[in-house]
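Here the structure is laid out as structure tokens; the discussion comes afterwards.
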Amino acid sequence: MVNSRFSVAIHILSLIATSLDKNQLTSDYIAGSVNTNPVVVRRMIGVLKKAGLVTSNTGIAGYNLLTEPKDLSLLDIYKAIDGPKQLFAIHEEPNPACSVGKKIQTTLEDVYENVWQAMEEQLKAQTLQDVLDQLR
């Protein structure tokens, strides 16, 4: 289901991309911008590091992007954070004796799959640079 991890990841990556002083980019500083706990930020940065999107030096504050913002699609970010595999859930066990109930699950699966594909196409077409351009 939809959650805020994707937005938080984009927020963090945007901060890293726009920061002139990389040494100010501590998890506390980033947490203040995101308005969350530094532990949440450290976990997310760990995920982004594991996905090969950011790097840091042990014992030194700051992070760097490993990909130029123009080359980093929102779909790449979504996949990096292991975003939800579905946007909508289909209720379980509708009444099979009902004319709607017996077909609703397969019908909605097709609808939701089309929506999912459209979402992926849109995320693939937009980059972190597009986000940064809108922030300016």
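What follows draws every value from the coordinates through simple rules; no lab data is involved. Quick caveat: nothing in here was measured; it's all calculated off a predicted structure. No Cβ is skipped: glycine too gets one built from the backbone with ideal geometry, and neighbour counts run over all protein chains shown.
For every other residue with a beta carbon closer than 13 angstrom to the beta carbon of residue 36, add +1 if it is Lys or Arg and -1 if Asp or Glu, then tell me the sum.
Values: positive: 5, 42, 43; negative: 28.
Charge balance in the 13 Å sphere: +2.
Treating only the Cβ atoms of Lys and Arg (+1) and Asp and Glu (-1) as charged, compute the dipole magnitude of the chain about its Cα centre; round to the nearest 20 debye.
Values: 13 positive and 15 negative charges, 80 e Å.
That gives the chain a dipole magnitude of about 380 debye.
Considering the Cα positions of the chain, please state its Rg to one decimal place and its Dmax as a whole number of Å.
Taking only Cα atoms of the chain, I get Rg and Dmax of 18.9, 65 Å.
Return the calculated 222 nm mean residue ellipticity for the chain, to the nearest 500 deg cm²/dmol, obtained by summing -39500 (n - 2.57) across DSSP H runs with n ≥ 4 and dividing by the residue count.
Mean residue ellipticity at 222 nm (helix-derived): -16500 deg cm²/dmol.
When 36, 127 are ordered from fewest to most other Cβ atoms inside 10 Å of their Cβ, what list results?
Arranged by neighbour count, lowest to highest, 36, 127 become 36, 127.
Starting from 0.36 nm per residue, how many nanometres of slack lie between residue 49 and residue 125 once their C-alpha separation is accounted for?
25.1 nm
Check cross-link reach from residue 124 to the lysines: straight Cα distance under 30 Å, and skip same-chain residues fewer than eight apart.
Cross-link targets: 22, 49, 50, 70, 79, 85.
Please list, in order along the stretch 111-128, the HN-Hα scalar couplings obtained from phi with the Karplus expression 6.51 cos²θ - 1.76 cosθ + 1.60 (θ = phi - 60°), rounded to whole Hz, x for Gly and Pro.
4, 5, 5, 5, 5, 4, 5, 5, 4, 4, 4, 5, 5, 5, 7, 10, 10, 4
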